[in-house]
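Every number here is computed from the coordinates shown, using simple stated rules; none is lab data. No experiment lies behind these values; they were computed from the predicted model shown. Note that we place each Cβ from the backbone using ideal geometry, even for glycine, and neighbour counts take in every protein chain shown.
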Amino acid sequence: MADIATLAEPLKQNETPAHASRFVRACLRQPVDRTPVWFLRQAGRYMPEYMAVRRNHTLLEICRTPDVAAEVTITAAERLDVDAAIIFADLLLPFTPMGLDFEFVNGEGPVVHQPVRSREHIESLRTDRADELNYVARAIEKVAKHFAPPRADGDQLGIIGFIGAPFTLASYMIEGGSSRNYIETKKLMYSDRGAWQLLTEKLITVLVQYAQQQVQAGAHVIQIFDSWAGALSVSDYVDFVLPATTELVRRVKAMGVPVIYFGVDTASLLTTMRGTGADVLGLDWRVPLDEGWRLAGPDVAVQGNLDPIALFAPDDLLKQRVKQILDAAGNRNGHIFNLGHGIVPGTPVDAVINVARWVKELSTR
Ligand code: CP3
């Protein structure tokens with residue numbers, strides 16, 4: 001097929017490097033020579049190379065030091081031999097320029113010291129300092145430069161920038177950290193629609209600038225993490241989350257890059273989530289891939305969806321699960337192989353490397 005042959009050919013006029021990336025092509029549901037693969041949280045605590053860097057730096061130091069963030073990003077993508085690199089950063093970084101202090105407490109995750117609980121507090125959040133996040137763009141520039149030459153097979157490695165979605169970020173701001181029931185978030189949503197809307201608008205103002213910096217620096221695709229959207233009923237998602245998220249997706253797509261929209265435990269929401277207009281929907285592992293794709297609809301691409309804990313299974317079972325996911329996708333245009341959520345600490349690195357290899361072997365067209 002001509003489309004596939006162009007992967008190894010020099011770029012034509014008007015083509016950006018992203019057109020030669022099977023990852024970007026899959027996001028746009030274009031034909032590919034094989035299924036692209038990368039892993040959520042591919043640079044993290046399961047990887048000895050990351051832990052070695054982490055011994056000398058806090059998480060925030062890594063994020064805020066472009067040389068180190070770029071190194072961690074590049075090392076993971078090369079070690080795993082995947083088709084895309086996601087920039088090493090964190091969802092919560094925009095809180096600082098908005099005027100909300102937080103830290104990562106070992107074993108507890110993120111902690112916001114003064115959670116947002118009132119309209120006055122929301123009104124005081126700043127949206128005029130997004131340029132302070134530029135260290136992420138500087139790191140992306142370094143990663144993009146490193147991966148500028150095509151790989152041995154002619155493919156351009158995909159570069160992913162990312163931002164949080166309004167609901168998931170607001171939930172960290174309001175709960176002050178991780179949550180089980182999202183009581184404070186939903187209380188604010190239900191009781192003061194105006195305050196909730198102001199908060200999501202402020203988040204969007206900052207997130208659009210932050211995504212723009214990342215795209216200008218060389219990100220080919222932006223992934224929007226709505227990790228905790230699965231805590232919402234369909235009615236609440238439609239009422240309180242869909243309009244703001246749709247607006248964010250629209251404004252990021254206007255930057256000329258495909259958007260991946262991801263959440264966990266979203267089987268009941270997928271049909272509604274496609275209303276955001278995202279090019280790709282991330283599927284968690286609880287929904288069979290073909291069923292999830294049916295719910296998402298034929299006009300979107302899907303990313304997923306191996307259970308991250310399956311990486312602890314013996315090789316034969318793990319390989320079988322990889323094959324089942326590829327079979328469910330059936331070589332249709334628009335599947336990106338990934339996990340249904342992030343790699344957890346303690347995951348054997350060899351299992352991750354094997355999965356990447358098996359996806360390539362089993363999906364070559
Ligand atoms: O390669 C990669 O994917 C790593 C880059 C990355 C990090 N955070 C670094 C990080 C990415 C993509 C994120 C996104 C992120 N951050 C999400 C969305 C992804 C998801 O899993 O749904 C969320 C919800 C956060 C907020 C966050 N940051 C939490 C809840 C935690 C604690 C997690 C834990 O298991 O302790 C973090 C900390 C964090 N961010 C770590 C890393 C590598 C682990 C802590 C460390 O290295 O010190």
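Taking region 22-114 and the helices (runs of 4 or more DSSP H) fully enclosed by it, the elements with 3 or more residues that are buried (at least 20 other Cβ atoms within 10 Å of the Cβ) and more than 14 Å from the ligand (Cβ to nearest atom) are at 22-27. Can you spot a residue in region 215-237 that is more than 16 Å from the ligand (Cβ to nearest atom), in contact (Cβ under 8 Å) with a residue 60 or more places away in the chain and surrounded by fewer than 17 Cβ atoms within 10 Å (Cβ to Cβ)? Within region 215-237, one or more residues are more than 16 Å from the ligand (Cβ to nearest atom), in contact (Cβ under 8 Å) with a residue 60 or more places away in the chain and surrounded by fewer than 17 Cβ atoms within 10 Å (Cβ to Cβ).
Considering the conditions (1) farther than 17 Å from residue 164 by Cβ; (2) touching a residue at least 40 places away in the same chain (Cβ under 8 Å); (3) away from the ligand (no atom under 11 Å from the Cβ), residue 125 is excluded by exactly one of them, (1).
Out of 271, 246, one residue alone is surrounded by fewer than 23 Cβ atoms within 10 Å (Cβ to Cβ) and farther than 25 Å from residue 326 by Cα. It is 246. Whether a residue is of a type outside the set (Lys, Arg), within 16 Å of the ligand (Cβ to nearest atom) and under 20 Å from residue 293 (Cα atoms) was assessed, and residue 353 does not pass this test. Here residue 279 does not qualify as of a type in the set (D, E, K, R) and within 15 Å of the ligand (Cβ to nearest atom). In region 147-180, the residue that is farthest from the chain's Cα centre (by Cα) out of those that are without any contact (Cβ under 8 Å) to a residue 40 or more places away in the chain and more than 16 Å from the ligand (Cβ to nearest atom) is 152. Of all the criteria given as (1) closer than 18 Å to residue 276 by Cβ; (2) in contact with a Ser or Thr (Cβ under 9 Å, 6 or more places away or on another chain); (3) of a type outside the set (Lys, Arg); (4) within 16 Å of the ligand (Cβ to nearest atom), the one not satisfied by residue 140 is (1). For region 332-350, taking the residues that are assigned to a loop (DSSP other than H, G, I, E, B) and more than 17 Å from residue 303 (Cα to Cα), the one that is farthest from the ligand (Cβ to nearest atom) is identified as 348.
Of the listed requirements (1) over 20 Å from the mean Cα position of the chain (by Cα); (2) more than 20 Å from residue 27 (Cα to Cα); (3) surrounded by fewer than 18 Cβ atoms within 10 Å (Cβ to Cβ), residue 345 misses just one: (1). Of the residues 223, 213, 303, the single one that is over 22 Å from residue 334 (Cβ atoms) and not aliphatic (A, V, I, L, M) is 213. Checked against (1) assigned to a helix (DSSP H, G or I); (2) farther than 21 Å from residue 69 by Cβ, residue 180 passes all but condition (1). Restricting region 302-331 to residues that are of a type in the set (D, E, K, R) and without any contact (Cβ under 8 Å) to a residue 12 or more places away in the chain, which is surrounded by the fewest Cβ atoms within 10 Å (Cβ to Cβ)? Among those that are of a type in the set (D, E, K, R) and without any contact (Cβ under 8 Å) to a residue 12 or more places away in the chain, it is 316.
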